[in-house]
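**Q** There's a structure below that I have some questions on.
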Amino acid sequence: MDQMTTTTTKTATGESKFEPQPAKTDSFIQITDLTKQFPIKGGLLSRTVANVNAVQGVSLDIKKGETLGLVGESGCGKSTLGRCIIRLIEPTSGKIVIDGDDVTHKKGEELRALRRKMQIIFQDPYASLNPRMTVGSIISEPLEIHNLFDSKKDRLDRTKQLIELVGLRPEHINRYPHEFSGGQRQRIGIARALAVDPSFIVCDEPVSALDVSIQAQVINLLMDLQQRLGLTYLFIAHDLKVVEHISNRVAVMYLGKVVEIAEAEELYRHPSHPYTRALMSAIPVPDPRKRDQRIILTGDVPSPINPPSGCHFHPRCPDMIEECKTTCPSLRETRPAHRTACIRA
C-alpha cells in the first residue's frame, strides 16, 4: 500500500488545509486487504455453519528496518495477522508482498526458501521449545533444514556464535530447556529465529510471559539486534508502554480491523480513534492524580462470528452517532501520516 504525503493549500476562507498526496513507497512488506476466516463445522456431515472473522480486510505496510507495533485486546486478531504474513496460517484472501515478491500463494520449495526471510518469536518460552532437544539442537535445526552449512563443525560454530549473540554462554549448548529461566528460554527462541539470517521477524508478545525486570533485558536485546543486523519487526503486544518504547509506528486493531495507525509519538500524543483513547487512558501512571479522565468501555467485545454492522466499535463507543451503525469507515488521513478509521475523527 502506497504511503501518502501531504501538501498544504488555502481554502476559500483563507484557512490552511492539508491534502493527502500519493508518494513513492519504501515499504519492505505490503499487506493488501488481508482476510482470515476460520470455519466452524457442525452437523452430521461436518459442514461449515459459520465463520470466525479473525482478520477482516487489513491493509498496511512495514518499512525496512523499522518496528511496527501492533496492539489491541485479546482476540482482536493480532497474532493471526502476524502468522498470516509469514504464512504459518494460510490467509483466506488478500495479498502479501515481501521485498517486492508476492508470497501470497507460494508453496513447496518456494515457500521453504521464503522461510529464510521471515521468522517468528513465540509468546510462551516454556511451550515453544522442545523439552527433549538440547539448546544446540534447537538452534541448529533450522541450519540443517535449509542446508546452510556443509559440515557439522561449521554448524556447531554458527550455533555457538548465535548463543553468544543473545547473551548466553557457549557451555549452555548441551543443556535442556528445563534448566533455564523464562528469560533465558526466550533468548534461545530468539537465537533460533536468527539462525537463518532472516530480514523480518514477527515478535508475537515475546515478553508478556516474563517478569518485568527480564522484559526490559529482552526488549533491549531485540533493539540491539535490530541495529546490528538490520532487522524489521512486527511487534505484537498488550503492554502499551513496551510498544511505545520499541516501536517506530503503531497500529491499533479492534475485532479484526486496523482502526488507527501512526508514528508512535504521534499516536500516543494525539490518539484519534475512541478505542485508542480508551486504551491510552488505561496505561498506569506514577501519580494517579495527574491521569487524564479514565475512559471505561461498556459491554463486551462482540463475537467475531457475527460482528456488528457498520463500525464494529459502535456498540461500545462513547462518541457513537446513528451513522456509525450503518457505515463501516475506512482508514483515512486525519493528521499528517496519521490514519484513523472513524467517521468523527
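Please treat every number below as a calculation from the coordinates, not as lab data. Only a predicted model underlies this, so the values are computations on that prediction, with no experimental measurement involved. No Cβ is skipped: glycine too gets one built from the backbone with ideal geometry, and neighbour counts run over all protein chains shown.
**Q** What is the antiparallel percent of DSSP beta bridges lying wholly in the chain, to the nearest 5? Write down the numbers at each step before the final one.
**A** Values: 37 of 54 bridges.
Of all bridge pairs located within the chain, approximately 70 percent are antiparallel.
**Q** For a label point 7 angstrom out from the Cα of ILE296 toward its Cβ, which stretches of region 219-263 have the backbone nitrogen within less than 16 Å?
**A** none
**Q** Next question. Would you mind getting me the FRET efficiency between SER309 and HIS238? Use the beta-carbon distance for r and R0 = 22 Å, nearest 0.05.
**A** Efficiency at R0 = 22 Å is approximately 0.20.
**Q** Give me the net charge of ILE139's neighbourhood, meaning all other residues with Cβ under 11 Å from the Cβ of ILE139; Lys, Arg count +1, Asp, Glu -1.
**A** +3
**Q** At a Förster radius of 25 Å, what calculated FRET efficiency corresponds to the Cβ-Cβ distance of ILE283 and ALA337, to the nearest 0.05?
**A** 0.65
**Q** Let me ask something else. Hey, if you put +1 on the Cβ of every Lys and Arg and -1 on every Asp and Glu Cβ in region 208-280, which of LEU234, HIS245, MET223 ends up farthest toward the positive end of that dipole?
**A** Result: LEU234.
**Q** So for the chain, averaging the separation of alpha carbon pairs under 8 Å that are six or more residues apart and normalising by length, what relative contact order in percent results?
**A** Result for the chain is 18 percent.
**Q** How much length, in nm to one decimal, is gained on full extension between LYS63 and SER151, taken as 0.36 nm per residue of separation minus their Cα-Cα distance?
**A** Numbers: separation 88, 0.36 × 88 = 31.68 nm, distance 3.60 nm.
Full extension of this stretch gives 28.1 nm more.
**Q** Oh, and also: About the Cα centre, and with charges only on the beta carbon of Lys, Arg (+1) and Asp, Glu (-1), how big is the dipole of the chain? Nearest 20 debye, please. Mind dumping the intermediate values first?
**A** On the way: 45 positive and 41 negative charges, 83 e Å.
It works out to roughly 400 debye.
**Q** Also: Before rounding to the nearest 500, sum -39500 (n - 2.57) across all DSSP H runs of length at least 4 in the chain and divide by the residue total; then give [θ] at 222 nm in deg cm²/dmol. Mind dumping the intermediate values first?
**A** On the way: 9 runs with 92 residues, N = 345.
Here the helix-only value at 222 nm equals -8000 deg cm²/dmol.
**Q** While we're here: Quick one: among ASP300, ASP99, ASP197, which has the greatest mean-square fluctuation in a GNM of the chain with alpha-carbon springs under 10 angstrom?
**A** In this elastic network of the chain, the residue with the biggest mean-square fluctuation among ASP300, ASP99, ASP197 is ASP300.
**Q** Ordered by packing density, taken as the mean number of other Cβ atoms within 10 Å over each peptide's residues, highest first, how do 224-233, 72-81 rank? Numbers along the way, then the final one.
**A** Working: 224-233: 16.0, 72-81: 20.7.
Sorting 224-233, 72-81 by mean packing, highest first, produces 72-81, 224-233.
**Q** Please work out how much length the chain gains when fully extended from GLU323 to ARG47, using 0.36 nm per residue of separation minus the C-alpha to C-alpha distance, in nm with one decimal. Working shown, then result.
**A** Working: separation 276, 0.36 × 276 = 99.36 nm, distance 3.60 nm.
Gain on stretching GLU323 to ARG47: 95.8 nm.
**Q** Same structure, new question: Calculate, in nm to one decimal, what GLU266 and VAL212 gain on full extension: separation in residues at 0.36 nm each, minus their alpha carbon distance. It would help to have the intermediate numbers written out before the result.
**A** On the way: separation 54, 0.36 × 54 = 19.44 nm, distance 2.58 nm.
Gain on stretching GLU266 to VAL212: 16.9 nm.
**Q** Treat the count of other C-beta atoms within 10 Å as a stand-in for reagent exposure and order LYS160, LYS63, LYS152 from fewest to most.
**A** Ordered by Cβ neighbours within 10 Å, fewest first: LYS152, LYS63, LYS160.
**Q** Given contacts defined as C-alpha pairs under 8 Å and at least six residues apart, what's the relative contact order of region 188-345, whole-number percent? Don't skip to the end; give the middle numbers.
**A** Working: 187 pairs, mean separation 28.3, N = 158.
Reported as a whole number, the value is 18 percent.
**Q** Relative contact order of region 217-261: what whole-number percent is it, with Cα pairs under 8 angstrom and at least 6 residues apart?
**A** Working: 21 pairs, mean separation 9.6, N = 45.
Relative CO of region 217-261 lands at 21 percent.
**Q** Under a GNM of the chain (C-alpha, springs under 10 Å), which listed residue has the highest mean-square fluctuation: ILE201, ILE190, ILE89?
**A** Checking each option, the largest mean-square fluctuation is seen for ILE89.
**Q** State which helices in the chain qualify, where a helix is a whole DSSP H run, it must extend 24 Å or more along its own axis by its Cα atoms, and its mean Kyte-Doolittle hydropathy must be at least 0.0.
**A** Working: long enough: 212-229 (26 Å, 0.56).
Length and hydropathy pass: 212-229.
**Q** Using a 10 angstrom cutoff on alpha carbons, build the Gaussian network for the chain and name the most mobile of ASP211, ASP287, ASP239.
**A** Checking each option, the largest mean-square fluctuation is seen for ASP287.
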